[in-house]
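Enquirer: There's a structure below that I have some questions on.
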Amino acid sequence: MPHTTTLADLVGIEHCKLGFYQELQQKVEQLKSSNLELERKRTEIQALLDGITDLMVVLSEDMRIQRVNHVFAEWYPGIDPVGRRCYEVFRGTGSVCPDCPALRALDRDEIVKDLCVYKLGERFRQFDIIASPLKAGPTGERQVLLFKRDVTLEKEFQAQFYQAEKMATLGTLTAGVAHEINNPLTAINGFAQGLKRRIGRLQGQVDADLYEDFCEYTDTIIKECLRCRDIVRTLLTFSRPTSTSLAQVDLNRCVTDTLFVLKHLLKEQPGLTVRIDLEHELPPIHGDESQLKQVIINLLSNAIDATGGNGAIHIRTATVTGGRVELVIEDSGCGIPHELQHRLFEPFFTTKPVGKGVGIGLSTCYAIVKSHNGEISVTSAAGQGSAFRVALPGVHA
């Protein structure tokens with residue numbers, strides 16, 4: 001007999017449909033909840049990544065940039081780095097950086113830390129770098145994660161601290177030496193002046209040539225005593241500022257004072273020629289005279305060392321674009337290889353042999369120039385000499 005659908009059958013079918021719809025709705029709700037949870041976690045992770053102020057870069061084995069975080073766009077606006085090699089983007093060079101921390105991390109399969117200095121925009125900045133190798137992916141290709149933290153301000157404060165400590169020690173030492181030197185100088189000068197006043201009584205009573213010799217000797221003693229006094233005073237301006245506030249400074253006079261202090265050192269270099277071109281009526285600058293002299297003496301000392309006592313040094317000042325006052329110290333010495341130039345202003349980095357320097361001279365110059373709202377740069381090539389340029393804001397009437 002054919003089956004006849006009853007009311008009970010219809011009720012059962014509807015009940016099954018209702019159960020299916022309810023189960024389907026529960027699945028949909030669970031999916032929505034799961035998606036919301038994933039979105040929440042993604043938002044949390046993104047917020048954590050956005051809160052990182054260090055530059056994060058993922059590199060392949062051949063140093064191509066795979067991914068970067070949001071900091072890259074802040075440091076290098078308008079540049080798409082993905083697929084480009086890191087040294088092209090960060091250094092502007094066509095070859096791998098010497099002693100690359102990323103390659104060292106891959107070779108050693110361990111975390112590598114490094115410190116470097118290179119240009120970002122229009123100024124040099126110092127970076128702490130951490131390179132961490134990542135686990136190989138399904139294809140077996142290895143990657144390395146780079147963290148770059150800008151520590152420029154921290155290093156500048158350190159350099160200022162080292163400079164302040166050194167200058168405080170030098171000030172104490174110089175004050176003591178000046179006191180000890182001035183006492184005998186005063187006595188020598190006083191007695192020489194007494195001899196000069198009395199020597200006139202000998203005129204006509206002794207041989208004329210002998211009388212002229214006595215006059216010449218006393219004049220020389222007095223002149224040399226005054227020169228020693230000037231040397232002591234000039235040294236004091238290097239070690240102790242005359243006041244705690246900044247003032248208008250004549251950069252030309254800073255150059256001449258520094259050359260006066262280094263006069264004995266230059267005399268010991270018979271094969272070295274020094275050419276000086278100082279612009280007349282150079283606008284003054286607003287700064288600390290003792291600190292600016294410290295910059296000049298460091299740059300000149302480096303130039304003397306670079307020439308090895310044989311060659312030429314050219315010192316010039318000029319007013320440049322923007323009303324800035326520029327000091328250029330150029331030498332014909334050994335020059336600086338291109339791959340090392342980005343580290344010149346890094347504290348404790350030096351190209352000099354052991355015992356010739358500890359590597360804080362140029363970093364100190366950098367900190368002083370930046371504190372005067374100026375810029376310091378170098379143009380150099382190995383075997384072709386170097387030219388250091390210091391540009392400072394001029395004070396115009």
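The values are calculated or read from the model by the stated rules, or taken from the named source; none is laboratory data. Keep in mind it's a predicted model, so treat the numbers as computed, not measured. We place every Cβ from the backbone using ideal geometry, glycine too, and count neighbours over all the protein chains shown.
Enquirer: Being touching a helix residue (DSSP H, G or I) at 6+ places or on another chain (Cβ under 9 Å), free of Cβ contacts under 8 Å to residues at least 60 places away in the same chain, crowded, with 16+ Cβ neighbours inside 10 Å and in a strand (DSSP E or B), is that true of even one residue in the stretch 86-105?
Expert: The answer is no, given that none of the residues of the stretch 86-105 is touching a helix residue (DSSP H, G or I) at 6+ places or on another chain (Cβ under 9 Å), free of Cβ contacts under 8 Å to residues at least 60 places away in the same chain, crowded, with 16+ Cβ neighbours inside 10 Å and in a strand (DSSP E or B).
Enquirer: Here's a follow-up. Would you please name the residue that is modelled with the highest pLDDT, looking only at residues in the stretch 185-215 that are in a helix (DSSP H, G or I) and in contact with a Phe, Trp or Tyr (Cβ under 7 Å, 6 or more places away or on another chain)?
Expert: Per the criteria, the residue is ILE199.
Enquirer: If you scan the stretch 273-314, which residues turn out to be more than 12 Å from SER386 (Cα to Cα), touching a residue at least 40 places away in the same chain (Cβ under 8 Å) and among the hydrophobic types (A, V, I, L, M, F, W, C)?
Expert: VAL274, ILE276, LEU282, ILE285, LEU292, VAL295, ILE296, ILE297
Enquirer: Which of the following residues is under 30 Å from VAL232 (Cα atoms), outside any strand (DSSP E or B) and at pLDDT below 75: ALA175, ALA136?
Expert: ALA175
Enquirer: For GLY83, indicate whether it is touching a residue at least 12 places away in the same chain (Cβ under 8 Å) and either surrounded by fewer than 16 Cβ atoms within 10 Å (Cβ to Cβ) or out of contact with any strand residue (DSSP E or B) (no Cβ under 7 Å at 6 or more places or on another chain) (or both).
Expert: Against the criterion (touching a residue at least 12 places away in the same chain (Cβ under 8 Å) and either surrounded by fewer than 16 Cβ atoms within 10 Å (Cβ to Cβ) or out of contact with any strand residue (DSSP E or B) (no Cβ under 7 Å at 6 or more places or on another chain) (or both)), GLY83 qualifies.
Enquirer: Sort through ILE231, ILE285, ILE304 and tell me the only one that's at pLDDT 80 or above and more than 19 Å from VAL369 (Cα to Cα).
Expert: ILE304
Enquirer: Now a separate question. So which of ASP99, ASP50, ASP9 ends up being modelled with pLDDT under 85, among the acidic types (Asp, Glu) and in the same structural domain as ILE129 (by TED's automatic domain parsing)?
Expert: Details: ASP50 fails: in the same structural domain as ILE129 (by TED's automatic domain parsing); ASP9 fails: in the same structural domain as ILE129 (by TED's automatic domain parsing).
Just one listed residue meets the conditions, ASP99.
Enquirer: Counting only residues that are modelled with pLDDT under 80 and in a loop (DSSP other than H, G, I, E, B), which one in the stretch 106-133 is farthest from SER60 (Cα to Cα)?
Expert: GLU122
Enquirer: Also, I was wondering about something else. Kindly provide the set of residues from the stretch 266-286 that are surrounded by 14 or more Cβ atoms within 10 Å (Cβ to Cβ), in contact with a helix residue (DSSP H, G or I) (Cβ under 8 Å, 6 or more places away or on another chain) and not in a loop (DSSP other than H, G, I, E, B), ordered by number.
Expert: LEU266, LEU272, VAL274, ILE285
Enquirer: Looking at the stretch 255-265, which of its residues are modelled with pLDDT under 90, of a type outside the set (Ser, Thr, Tyr) and touching a helix residue (DSSP H, G or I) at 6+ places or on another chain (Cβ under 8 Å)?
Expert: ASP257, LEU259, PHE260, VAL261, LEU262, LEU265
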